[in-house]
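> Quick one: the structure is below, questions incoming.
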Amino acid sequence: MRVKPKKRLGQNFLADGNIRHKIIAACEFGPDDSVLEIGAGQGEMTGLIAGQVKQVYALELDYGLAGLLKNNLAEIKNLEIINQDVLKFDFKSFLKNIKGKITVFGNIPYYITTPIIERLLENREKIKVAYLTVQKEFAQRVVAGPGSKQFGSLSCFLQYFTQAQIKFIISKGSFWPRPKVDSCLLELKMREAPAVKVKDEDYFFKIIRAGFNQRRKTLRNSLKEVINRETLDLFFQKYNIKENIRPEQLSLEQFAGLANMV
């Protein structure tokens, strides 16, 4: 049975069987893993994942699709269908009952990519890794390094908490209906400890946001409302940085160094 995708839910089903198997090969699923699948859709990936792991919890918002999954995949004993919205899902209660850390997988709607990832990071202590199909441009921003046009506050935020890697690009022709842009499989491995040490995490991110909110300006001008001139002078001297440097040229370590000086 071919289900008509709902545009209001951002549904784009992965129709290419070769890509499905390529994704399974790229994800490091193990026989002892418990997997939370976000947006199970018609279950094309669900069944493949279930064959690789100990348990799958398939989260699906669409009531009709959740019913279809229960009928079509009834023979899979290590599968539980959960008919809920991922943005309202009680992660803490769910993860409390999971032994060890869980792996997350999802072909997620583009328009809620950031809020979904934020929810995962809020519960990162119980998550080992997340494999997500996202817009290619979004993933390029996530993995970007200092000096590139894509490097920004999103890059800093996710690289602080995770080890991010683009596994491979997925052509827009692999989905139905066909989206306007290509996607990719993004791997986010949760770090045991943040990438850099900071004294005040909130202030660290405040500096990063202030810097990238006005990225066309120099670092000095973009941060003049949050850091005094004397501290910036000391920072430039300590790290041997030119005073006309722009925010996107600073590394995560240098942002941490600046935050810790204040």
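The values are calculated or read from the model by the stated rules, or taken from the named source; none is laboratory data. The model shown is predicted, which means the values in this text are computed figures rather than measured ones. Positions of Cβ are backbone-derived with ideal geometry, glycine not excepted, and every protein chain shown enters the neighbour counts.
Residues checked against (1) within 24 Å of residue 20 (Cα to Cα); (2) in contact (Cβ under 8 Å) with a residue 60 or more places away in the chain; (3) hydroxyl-bearing (Ser, Thr, Tyr):
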residue	(1), (2), (3)
57	yes, no, yes
75	yes, no, no
79	yes, no, no
85	yes, no, no
89	no, no, no
93	no, no, yes
123	no, no, no
127	yes, yes, no
140	yes, no, no
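> It is to be established whether one or more residues within the stretch 191-205 are over 30 Å from residue 100 (Cα atoms) and either among the polar types (S, T, N, Q) or over 28 Å from the mean Cα position of the chain (by Cα) (or both).
The answer is no, given that none of the residues of the stretch 191-205 is over 30 Å from residue 100 (Cα atoms) and either among the polar types (S, T, N, Q) or over 28 Å from the mean Cα position of the chain (by Cα) (or both).
> Right, another one. Can you work out which of the residues in the stretch 56-80 that are within 18 Å of residue 99 (Cβ to Cβ) and within 22 Å of the chain's Cα centre (by Cα) is surrounded by the fewest Cβ atoms within 10 Å (Cβ to Cβ)?
Top of the filtered list is 57.
> Please give the number of the condition residue 204 fails out of (1) among the aromatic types (Phe, Trp, Tyr); (2) more than 18 Å from residue 159 (Cβ to Cβ); (3) in contact (Cβ under 8 Å) with a residue 12 or more places away in the chain.
Only one criterion in (1) among the aromatic types (Phe, Trp, Tyr); (2) more than 18 Å from residue 159 (Cβ to Cβ); (3) in contact (Cβ under 8 Å) with a residue 12 or more places away in the chain is unmet by residue 204, namely (2).
> Filter the stretch 15-29 down to residues that are part of a helix (DSSP H, G or I), more than 14 Å from residue 44 (Cβ to Cβ) and in contact (Cβ under 8 Å) with a residue 60 or more places away in the chain, then give me how many there are.
Total meeting the criteria: 1.
> Go through the residues of the stretch 10-23 one by one and say whether even a single one is crowded, with 21+ Cβ neighbours inside 10 Å and polar (S, T, N, Q).
Within the stretch 10-23, one or more residues are crowded, with 21+ Cβ neighbours inside 10 Å and polar (S, T, N, Q).
> Quick check, is residue 208 out of contact with any strand residue (DSSP E or B) (no Cβ under 8 Å at 6 or more places or on another chain), surrounded by 13 or more Cβ atoms within 10 Å (Cβ to Cβ), part of a loop (DSSP other than H, G, I, E, B) and of a type outside the set (S, T, N, Q)?
Taking the combined requirement at face value, the residue does not satisfy it.
> Which of the residues belonging to the stretch 27-78 are modelled with pLDDT under 90 and under 25 Å from residue 124 (Cα atoms)?
Scanning the stretch 27-78 gives a single hit, 41.
> Sticking with this structure for a sec: Looking only at the stretch 115-125, decide whether some residue is in contact with a Leu (Cβ under 9 Å, 6 or more places away or on another chain), at pLDDT below 95 and buried (at least 17 other Cβ atoms within 10 Å of the Cβ).
Within the stretch 115-125, not a single residue is in contact with a Leu (Cβ under 9 Å, 6 or more places away or on another chain), at pLDDT below 95 and buried (at least 17 other Cβ atoms within 10 Å of the Cβ).
> State the number of residues belonging to the stretch 240-262 that are under 31 Å from the mean Cα position of the chain (by Cα), without any contact (Cβ under 8 Å) to a residue 40 or more places away in the chain and not in a helix (DSSP H, G or I).
2
> Condition check: free of Cβ contacts under 8 Å to residues at least 60 places away in the same chain and touching a helix residue (DSSP H, G or I) at 6+ places or on another chain (Cβ under 9 Å). Does residue 159 satisfy that?
For residue 159, the condition - free of Cβ contacts under 8 Å to residues at least 60 places away in the same chain and touching a helix residue (DSSP H, G or I) at 6+ places or on another chain (Cβ under 9 Å) - is not met.
> Among (1) touching a Gly at 6+ places or on another chain (Cβ under 9 Å); (2) at pLDDT below 95, where does residue 144 come up short?
Status for residue 144: all satisfied but (2).
> So, restricting to strands (runs of 3 or more DSSP E) that lie completely within the stretch 101-172, which ones have at least 2 residues that are closer than 30 Å to residue 241 by Cα?
Once the strands (runs of 3 or more DSSP E) in the stretch 101-172 are filtered for at least 2 residues that are closer than 30 Å to residue 241 by Cα, what remains is 162-170.
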